[in-house]
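Just so it is clear, none of the values below were taken in a lab; they were calculated from the coordinates. Computed from a predicted model, the values in this text were never measured in an experiment. For neighbour counting, all protein chains shown are included, and Cβ atoms are generated from backbone atoms with ideal geometry for every residue, glycine included.
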Amino acid sequence: MASMRDIKRRKVSIQSTQQITKAMKLVSTVKLQRAKTRAERSKAYFNCMYETIQGIIARTGHVEHPYLVKGDSDRKAVVVITSNRGLAGGYNSNIVKLVAGSELKKEQVDVYAVGKKGRDLLKRRGYNVKADHSEVINEPLYKDAMEITEEVLSSYKAGEVGEVWLAYTGFKNTVSHIPTLIKLLPVDGKLSGDDGEEHKTVTTLMNYEPEESEALELIIPKYVSSLIYGALIEAVASENGARMQAMDSATSNAEEMIGTLELQYNRARQGHITQELTEIIGGAEALSS
C-alpha cells in the first residue's frame, strides 16, 4: 500500500490538474457560444449554395469545362481542416482516420493542411503535405478561404491534380460533430433526395448569360471558396465543442480519482493510528510486566 505522503502528493497533483481542466472547460464554453452562433447563422447559406450549384450543373447540358470533367492526373488535392491544439478528444484523429480510411490512396494525395495537428498526424502516416495554412483556423475569414481556393484551383487548372476534396468536422449541435469528406471538383451535379439517394432528374435545361464557360469560370471558384469557408466556421465550433466535452470528462474523472485517493488516505491514516496504539499498548504491557 502507498504511504500517506505518496497518496497526499498524488491527490494534490490531481487537484492541480482538475483546476486546469475546469478553466479550459470554461474557456471552451465561452468560445463555443460565439462559434456556435456563427456556424448556425452561416450553415443555411452554405447548404443552399451547395444545393444550388449542384442543381445548376444537374440541369446543364453537355458543357466542356475543366471544372466539370475529371482531369488527366490521378492525384487528388485534399483540404484537411483540423486544429492547432490538442486536448479535444478524438476531434483531430477522427478526421485523419476519415481521410486514411477513404478511397483516396495515400500515394496520390496532396494535403492542403489547415491545422497543425492534422498536418503532423498525416505527415507521420506518409502523406504529402503540399501546403500549410494552419494559422487560418485561429480566426477564419472569407479572405483566407479565397486564398486556399486560389492555390488549389491553380494546381487543378495546371493538371497537377484531377480532383479536389474537402475534409472537415461538421457541426450538428453542441455534442454532435460529424467528420465529413466531400468532393469539390469536378462538380458532378448529383442531387440527393430526402431518402438519401442520388438523383439527376433534368426538367429544364439551364440557360447561361454570358456563355456557359464564362459563367462557370466565375461561379465555381466562389462556390469552392464558400464551401471551404463554411467548413472552417463549422470546424471551429466543432473543435470548441469537442474540447469542452473532453475537459468536462477529464474534470469528472479527476473528481472520482480524488474521492478514491481520499478513501485510501483515510484507510492509511486509520491503519497508522491503529499501529501506533498497538505499539503503545505493547510497550505499556512490557513495562508493567
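Cross-link partners of Lys97 among aspartates and glutamates, defined as those whose alpha carbon lies under 14 angstrom from its own and excluding same-chain residues fewer than eight positions apart: Asp120.
Quick one: Tyr208, Tyr229, fewest Cβ neighbours within 10 Å first, how do they rank?
Ordered by Cβ neighbours within 10 Å, fewest first: Tyr208, Tyr229.
Within the shell defined by Cβ-Cβ distances under 14 Å, the residues around Leu277 carry a net charge of -2, with Lys and Arg each +1 and Asp and Glu each -1. If you compute mean projected area of the Cα convex hull in nm² for the structure shown, which of (1) 15.8; (2) 20.8; (3) 14.4 do you land on? Read-out from the structure maps to (2). Helix 91-100 and the long axis of the chain differ in direction by around 50°, with both axes built from C-alpha atoms.
Kindly provide the helix-only [θ] at 222 nm of the chain, computed as the sum of -39,500 (n - 2.57) over DSSP H runs of four or more divided by all residues, to the nearest 500 deg cm²/dmol? Calculated from helices alone, the mean residue ellipticity at 222 nm is -21000 deg cm²/dmol. Excluding same-chain neighbours fewer than eight residues apart, no lysines are reachable from Lys8 by a Cα-Cα span under 20 Å. Most mobile of Glu262, Glu163, Glu151 per a Gaussian network model of the chain (Cα springs, under 10 Å)? In the Gaussian network model the winner is Glu262. The GluC sites (Glu not before Pro) found in the stretch 19-120 that occupy coil by DSSP, while having at most 13 further C-beta atoms within 10 Å, are Glu64, Glu103.
Determine the alpha carbon to alpha carbon distance for each of Lys143/Lys172; Lys36/Lys130; Lys70/Lys106; Lys31/Lys76; Lys36/Lys76; Lys116/Lys143 and list only those over 23 Å. Violating the 23 Å limit, Cα to Cα: Lys143/Lys172; Lys36/Lys130; Lys31/Lys76; Lys36/Lys76. Between Glu107 and Asp248, the contour length at 0.36 nm per residue exceeds the Cα-Cα span by 46.9 nm. The residues Phe171, Phe46, when put in order of fewest to most other Cβ atoms within 10 Å, stand as Phe46, Phe171.
By the count of other C-beta atoms within 10 Å, a proxy for reagent exposure, Asp144, Asp72 are ordered fewest to most as Asp72, Asp144. Phi-derived couplings, Karplus 6.51 cos²θ - 1.76 cosθ + 1.60 at θ = phi - 60°, listed residue by residue for the stretch 158-164: 6, x, 6, 10, x, 9, 10 Hz, with x used for Gly and Pro.
Of all lysines in the structure, the ones whose alpha carbon falls short of 29 Å from that of Lys11, not counting any fewer than 8 places away in one chain, are Lys22, Lys25.
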